1. Normalised by the empirical 2.2 N^0.38 Å for globular proteins, what value does the Cα Rg of the chain take?
2. If R₀ is 25 angstrom, what is the calculated FRET efficiency for the pair Asp145 and Arg182, using the beta carbon separation as r and rounding to 0.05?
3. Rg to Rh for the stretch 284-338: what is it, with Cα atoms only and Rh by Kirkwood?
4. Which whole-Hz couplings ³J(HN,Hα) result when phi for each residue of the stretch 252-257 is put into the Karplus expression 6.51 cos²θ - 1.76 cosθ + 1.60, θ = phi - 60°, listed in order with x for Gly and Pro?
5. Accessible area per residue, 1.4 Å probe, Å², for the chain: what's the number?
6. Grab every C-alpha pair in the stretch 47-195, bin the distances at 10 angstrom width from 0 up to the longest one, and report whole percents.
7. Estimate the FRET efficiency between Glu294 and Glu196 by the formula 1/(1 + (r/R0)^6), using the beta-carbon distance for r and 35 Å for R0, to the nearest 0.05.
8. Pop a pseudo-label 7 angstrom from the Cα along the beta-carbon direction at both Ala395 and Ala455 and give the gap in nm to one decimal.
Amino acid sequence: MSSNANRQWGGRFAEGPSAIMEAINASIGFDRKMWRQDISGSLAHAAMLKHVGIISADDEAAIRRGLADIAARIEKGDFPFDEALEDIHMNIEARLSAAIGDAGKRLHTARSRNDQVALDVRLWVRDAIDGLSGQIRDVMRALVDRAEEHAGTVMPGFTHLQPAQPVTLGHHCLAYVEMLSRDLSRLADCRARMNECPLGAAALAGTGFPIDRHMTAAALGFDGPTRNSLDSVASRDFAAEFLFACAMCATHLSRLAEEIVIWTNPYFGFVKLSDSFTTGSSIMPQKRNPDAAELVRGKTGRVVGALVGLLTVMKGLALTYFKDMQEDKEGVFDAAETLTLSLAATAGMVRDMQPNVARLRDAAGAGFSTATDLADWLVRELKMPFRDAHHVTGALVAKAEAKGVDLAGLPLAEMQATEPRIHEGVFGVLTVEASVGSRTSYGGTAPSNVAAMAAEWKAKLA
């Protein structure tokens, strides 16, 4: 390798091991995102230390003022983060001690960076859950609005990406509402399970100071303190659970994005997206590429990767804290931020897309999609066993295919040549409108069902 290449890639480590160690050890480049959570935890800890008599009221007041000043400076972008101080905890504590003296140095009494970081990550994840939950509800509202608008818009339903049975666009939208509702539920479950405060577990064994962990837990909005000091600093299952919920949600968004990619293809022509969510080609002026949908689909890999990454980090760690666990944060931060963007893009696309109702209706009738309705009619009207009805229907599909017509275009005489008992009433079930209208079982695609379910979801999400 050339000396130029060495300088390009490894030049910052030319001064030797100390530079390498500083770079690999520091996390301030990414854990500064937790500054709000770190300051909140320190304020609660200081209030508790004063309450139990470990620090004076004057010290606690000085800490409060000093942390408020630091928060204001970080908010304004006027806070110099120092990589030599490794992480957000030491950066804030060092600045506080420089500003208020010994009072700042007393803040770390009865805690460790181990329980401090465990607290900060929990607080950050909890805030992320609240923000993402609001965004998921917004996507659900967008889908419900489209479902209400298109409760009776007929479209093809697919299995194996082959035409199966007619459904309605509203019903299709509500399928994603159901998926997202489970994502919302998973995040709520994750939040409830993780809502215990690790502060006070100290390095790993607890502390001999007479602290009140219930007080700090309550001040920070937790249901109570964690119950085992070892587990408190050693565990990141709450972060893995959060990442799974994010990965599952991203997967659902990816499936919808894939459908938007397919539907906007002119060969399908089911929906159109505006220029707000598409891009052109550098050389082909006719192109309208569904890039927003493609990127939502692509970014799912990052979220799934974050989950796999954290599980891989944690799988070989004995109790309790190891520096490996510093690798928990970047994946969590990136997954949450990626999902935030994907949810925003999805909500935008759902509200933006313009369905081609006529094209959807035409496609719904393709591929003999009412064949099952014919089989069901034979069972209902002629009391034919379903397997026999399935066989008769298959024979009639073959006849229609040979004539180049759909089932409704097959003459009655042709049908009767296969099954003499078939009568004119059969044509009442062979249209796509009749097909979807008949699917009135609970959860079925009948427009009346869709309208009722959309109204139910609208009320839940109000």
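1. Working: Rg = 30.5 Å, N = 462, 2.2 N^0.38 = 22.6 Å.
It is 1.35.
2. Approximately 0.80, to the nearest 0.05.
3. Result for the stretch 284-338 is an Rg/Rh of 1.27.
4. These are the phi-based 3J(HN,Hα) values: 5, 4, 5, 5, 5, 4 Hz.
5. So the chain comes to 47 Å² accessible per residue, rounded to a whole number.
6. For the stretch 47-195, the pair-distance distribution reads 10, 23, 21, 16, 12, 11, 7, 1.
7. Values: r = 40 Å, r/R0 = 1.15.
About 0.30, to the nearest 0.05.
8. Label-label distance for Ala395 and Ala455, simple model: 4.6 nm.
The values are calculated or read from the model by the stated rules, or taken from the named source; none is laboratory data. What you see is a predicted model; the values in this text were computed from it and never measured. Here the Cβ is made from the backbone with ideal geometry for all residues, glycine too, and neighbour counts use every protein chain on show. Side chains are part of the model used for accessible areas, which takes the heavy atoms of the whole protein and leaves out ligands, DNA and RNA. Shrake-Rupley method; radii C 1.70, N 1.55, O 1.52, S 1.80 Å.
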